[in-house]
Amino acid sequence: MTQPLNPPPLSRRQTLERLRADPTVSVLIIGAGINGAGLFRDLALQGVDVLIVDKQDFCAGASAAPSRLIHGGLKYLETGEFRLVAQSTRERNLLLRNAPHVVHPLRTAMPTHSWWGGIWPSIQRFFRRPAKMDDRGILISELGLTLYDFFGRHFRSMPRHSLTLGRRVHQSLPDIRCDVRALHTYYDAAISQAERLGFELIDDGCRTHRGAMALNHVDLSGADRGTVNFEDEEGNAFTVRPQIIVNAGGAWIDEINRTLGLETRHIGGTKGGHLIVDVPQVRDQLEGRMIYFGTPDGRICLIYPFMNHVLVGATDIRCTDPDQAVCDDDERDYMLEAVRYLFPDVPIGPEQVRYRYSGVRPLPRSDAADPGQISRDHAIVEDRIHDWPVLSLVGGKWTTFRGFAEEVADDVLARLGRRRELDTRQLAIGGGKDYPRDAAAREMWLARVTELCDGDRGRAIVLLARYGTRGEAVARHCERIDVDGLSRQRPLDSLVDYREGEIDFVCRFERVEHLADVLFRRLPIALAGQLDGAVIDEVAALCGAALGWPDARRGSEIERARDVAMHAHGVSLTPAESSFQENSP
């Protein structure tokens, strides 16, 4: 069995030197979203020499733009996808165990307006016929949740569903629309930092096996007979000679195949927009719950507390160009109207939106009139070019990434003539390793890390929530004195819940290449609605010091981060920095 390494994983420079000296690898994974990252870790754990590359950062595409749910897929019951529901609920339960630092139970309420609504549309949808579902009544919801509990019985760690009727509904949610007659309550899960978990999968793989290598911010330039060619952002070219190519490019799968020399039409993605909204009146009533509700046009929407705000989602719009996917004003207005439909007396407008994001789901190409009817299941599609099999990973979602990775890894291992050495079903990920499972263990961890934080217990609690058990390494790094004799424990002026040493740690040890990697992915700064000009400038200075950026490079990184914030996420960086940019492209 492959054992974890004592020496650190290869750095970017060492990886490029290794590939230039010997470009052969068993498996090349193109695309470091969640499908690619999960497969990379699984293959590394089996001792396979594997390289993963991405033209952006790790988990920077659709994997950074989900509804942040780890869920069994309740709505998949309507289309009879029972195998997918069974797999999803099992994987949800496993993630609650394996990544408890970022995956948490989420109590979910589903409002209903009648006893009998939705029965006939449900029958039609079950037989894959188009039907508008604008009311899921009490009886059909009760049936669906009973099945949901049954499918989620493996590795169960949360209660079964319950039903609330009559006045108790409005006692629980005083501002919910008056025609809601019942609330079904059940449990799913949410992932607070999807991007961090994606990075941790990459990091785990690199630390497990010396032959596992990862490069972000490199571009695929083409393929010749026997080699795949890449170029980094500085124009330095290198080649790779793989035995097997895995295309895990998500919405970019067909584009990647074209660059390799294959013409494919595997993907027909849809865009999902989401909002982070500052609406305390709703957040306080939710009391930690998500509300999963239907709108008059038959769409499913959701709203739940997230990082002191509420997260609202999601749209489902066909999209042909994933590079241009942003949550536009029409999508924003649609989702705000959905919140007003559910809470008609709560004032909510564009000025309360702190952040918005969008990603393109890598769904299989389909002629379905309703994008919501396209299956969320996954598949491996094989093409061949020269002497290589090219395996395209179509579909998939955050919840089932481990199971999908296991299926693909077993396929790849068979092609390599190897056998699985390690089962990943109950293997902790990143900061979930040795996570304190009970009050006594948690107290011991907090007491130990509090000492490293100058006696600040609140700081230790923050580190555990943000990094899991990796927070202890962050605390030890912050405990040191920097080269100028200053303490790394100093809080940032613009972000008082972060420390200077914390930013330094992330830059030095978490494969950061750009300022945006830190602000939008390694840390939940932008996602928490904390991004403004002062934050960008201060974090840029710390990143520059850690990574040796000259002044010109730091300036360009600031401009790049500001551009992403404004154009991709609608953040206003005018002097009135807390306002929201109304007209982002």
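Given a 1.4 Å probe and every protein chain left where it sits, what share in percent of the accessible area of region 374-507 is carbon and sulfur? Its accessible area is 49 percent carbon and sulfur atoms. When only Cα pairs below 8 angstrom with a gap of at least 6 residues are kept, the chain shows a relative contact order of 17 percent. Once you reduce region 435-471 and region 173-209 to the center of their Cα atoms, the two points are 22 Å from each other. Dividing the helix sum by the residues of the chain, where each DSSP H run of 4 or more adds -39500 (n - 2.57), gives a mean residue ellipticity at 222 nm of -11000 deg cm²/dmol.
In this simple spin-label model, placing a label point 7 Å from the Cα along the Cα-to-Cβ direction at both Ala447 and Arg318 gives a separation of 6.2 nm. Between region 4-45 and region 284-362, what is the C-alpha centre distance in whole Å? Comparing the Cα centres of region 4-45 and region 284-362, I get a distance of 37 Å.
With an 8 Å Cα cut-off and a minimum separation of 6 or more residues, compute the relative contact order for region 289-404 in percent. Numbers along the way, then the final one.
On the way: 119 pairs, mean separation 18.4, N = 116.
After rounding, I find 16 percent.
Residues within the reach of a label modelled at Ser556 (point 7 angstrom out along Cα to beta-carbon, backbone nitrogen below 15 Å), restricted to region 226-264, are 232-236.
Pairs from the list Lys55/Lys397; Lys55/Lys433; Lys55/Lys75; Lys75/Lys397 with a Cα-Cα gap above 24 Å: Lys55/Lys433; Lys55/Lys75.
Longest exposed-loop-site-free stretch of the chain, with GluC sites (Glu not before Pro), DSSP loop and at most 10 other Cβ within 10 Å?
Details: sites that count: Glu234, Glu263.
The segment 264-585 is the longest one with no such site.
Excluding ligands, DNA and RNA, what is the solvent-accessible area per residue of the chain at a probe of 1.4 Å, expressed in Å²? Could you put the intermediate results ahead of the total?
Working: 23320 Å² over 585 residues.
Result: 40 Å² per residue.
Compared with the alpha-carbon gap, the fully stretched path from Ala465 to Arg384 is longer by 24.7 nm at 0.36 nm per residue. Once Kirkwood radius over Cα pairs in Å is calculated for the structure shown, the corresponding label among (i) 25.5; (ii) 29.6; (iii) 24.8 turns out to be (iii). Here the extension length gained between Arg241 and Asp411 equals 59.2 nm, from 0.36 nm per residue of separation less the Cα-Cα distance.
The values are calculated or read from the model by the stated rules, or taken from the named source; none is laboratory data. From a predicted model like this one, the values you see are computed outputs, not experimental measurements. Please note: Cβ atoms are built from the backbone with ideal geometry, for glycine as well, and neighbour counts cover all protein chains shown. We work out accessible area using only protein heavy atoms, side chains counted, and drop any ligands, DNA or RNA first. Shrake-Rupley method; radii C 1.70, N 1.55, O 1.52, S 1.80 Å.
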